[in-house]
Amino acid sequence: MAPLKALEQEYPIINSSFQNFCASRGIFSVEDLLLHDLYVLVAFAEQESDAERLKQGITQVLSIIDGQHQPWLNGMELLEDAHRNKHVLSSGCEGIDFLLQGGLRKGQLTELVGASSSGKTQLCLLAASNVAKEHMGSVVYLDTGNSFSPQRITHFICRHSDPAIDQAKHRILQKVMNSILCHSVFDIFTMFDVLNLLELNLRSQMQRGDCQVQLLIIDSVSSLITPILGGSGSQGRALMVSAGFLLKKLAHEHNLAVLVTNHTVGGEGGICKPALGESWKSIPHVRLLLSRDRGGSGVYSVSVLKHPSMAPGKASRFMIDD
């Protein structure tokens, strides 16, 4: 769920005065507000000079939450939705597609976990180029570390050079580049701004019957979340969970495949584990662990850490062109 600041433009009652009141009680996001005793919060508001406006702000936040609740669906409706909307998008990597039984599934959040140079960014670029080329849709790419490479996209599209079809490849490359919308994002609050704007645009496209965004990529989500997790307070963790909720909401409601990357940290016995801890662990639908063979080769391994329909441990190997 969004930080309160992100709601101010659409809901003027959630202004700086309301935000300051909430901040004085350790409330910075919608989720923070839900964790508080609302009766106690209203009692504090009644002690302020602008009590009525503060209580209206609390009511507005609760109305926003109610508006986000989806109607109950029975099993047949869920099955029909899965058949009609939740298709798979090829990642462009045969090993990944084979492991995932087709590729990245729409409506789901897929996480690539791995150490530095394990292939996370390369797979994001490959997936972006393949979806833009093969699925006639646009890709929103949030780049958190200046790692987006148009040259790499060009390589993936034009890797098999043939002078006879170079002109056609140039047209394809232009289409692909125009279909990938890249945003540089260096903190979680900017990410929320971009995602909330994306949600508004997607809603508008739905009303016009013009939904074209197929894939949302964040490389890497952990670089945005890790800086806010320090200390003993709950704000960072609440923001992290809010980010996960928003990504899953975008995936489900707008029929997107969402792909994010996460780094690894040292665990017990020196065994690496995904960063971001236990609170984040439950958020992705699919978690894949990547590694690269020693010796600088282009051979990679991927194994399933979490999947809704297969047991952990299933693995595959693949290559990425240098």
Query - Sorted peptide list for 185-194, 169-178, criterion being average Cβ within 10 angstrom, highest first - result: 185-194, 169-178
Query - Per residue value of the accessible surface for the chain (all protein chains in place, 1.4 Å probe), Å² - result: 51
Query raised in the report: Ordered by packing density, taken as the mean number of other Cβ atoms within 10 Å over each peptide's residues, highest first, how do 218-229, 29-40 rank?
Result: 218-229, 29-40
Report summary line: So the pair-distance distribution of region 222-304, from every Cα-Cα distance in 5 Å bins, comes to percents of 3, 12, 19, 22, 19, 13, 8, 4, 1
Query raised in the report: What Kirkwood hydrodynamic radius, in Å, does region 173-292 give when the mean of 1/r is taken over all pairs of distinct Cα atoms and then inverted?
Result: 16.0
Query raised in the report: Rounded to a whole number, what % of the accessible area of the chain do carbon and sulfur atoms account for, probe 1.4 Å?
Result: 53
Report summary line: Under the Karplus relation with 6.51, -1.76 and 1.60 and θ = phi - 60°, whole-Hz ³J(HN,Hα) for region 145-155, x at Gly and Pro, equal x, 6, 9, 5, 10, x, 5, 5, 4, 4, 4
Report task. Can you send over the solvent-accessible area of PHE18, 1.4 Å probe, protein chains only, in Å² to the nearest 10? Result -> 0
Report summary line: Beyond 14 Å, the calculated P(r) of region 243-288 holds a percent of Cα-Cα pairs equal to 55
Report summary line: Ordering 251-262, 6-17 by per-residue average of other C-beta atoms within 10 angstrom, highest first, gives 251-262, 6-17
Query raised in the report: With a Cα-only, solvent-free Debye model of region 97-200, what are the log10 I(q)/I(0) values at q = 0.13, 0.14, 0.15 Å⁻¹?
Result: -0.56, -0.65, -0.74
Requested in this report: Please list the radius of gyration and Dmax for the chain, considering alpha-carbon atoms only, with Å as the unit.
Outcome: 21.5, 77
Query raised in the report: Using Cα atoms only, what is the angle between the long axis of helix 75-84 and the major principal axis of the chain, expressed in degrees (0 to 90) to the nearest 10?
Result: 50
Requested in this report: Please find the FRET efficiency linking HIS36 to LYS314, where r is the Cβ-Cβ separation and R0 is fixed at 25 Å, and quote it to the nearest 0.05.
Outcome: 0.05
**Report entry** Under 15 Å, Cβ to Cβ, from GLN235 - net charge with Lys/Arg +1 and Asp/Glu -1
**Finding:** 0
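The values are calculated or read from the model by the stated rules, or taken from the named source; none is laboratory data. None of these values were measured; they are calculated from a predicted model. Cβ: placed from backbone, ideal geometry, glycine included. Neighbour counts: every protein chain shown. For the accessible areas, the whole protein counts, side chains as well, though only heavy atoms, and no ligand, DNA or RNA atoms are used. Shrake-Rupley method; radii C 1.70, N 1.55, O 1.52, S 1.80 Å.
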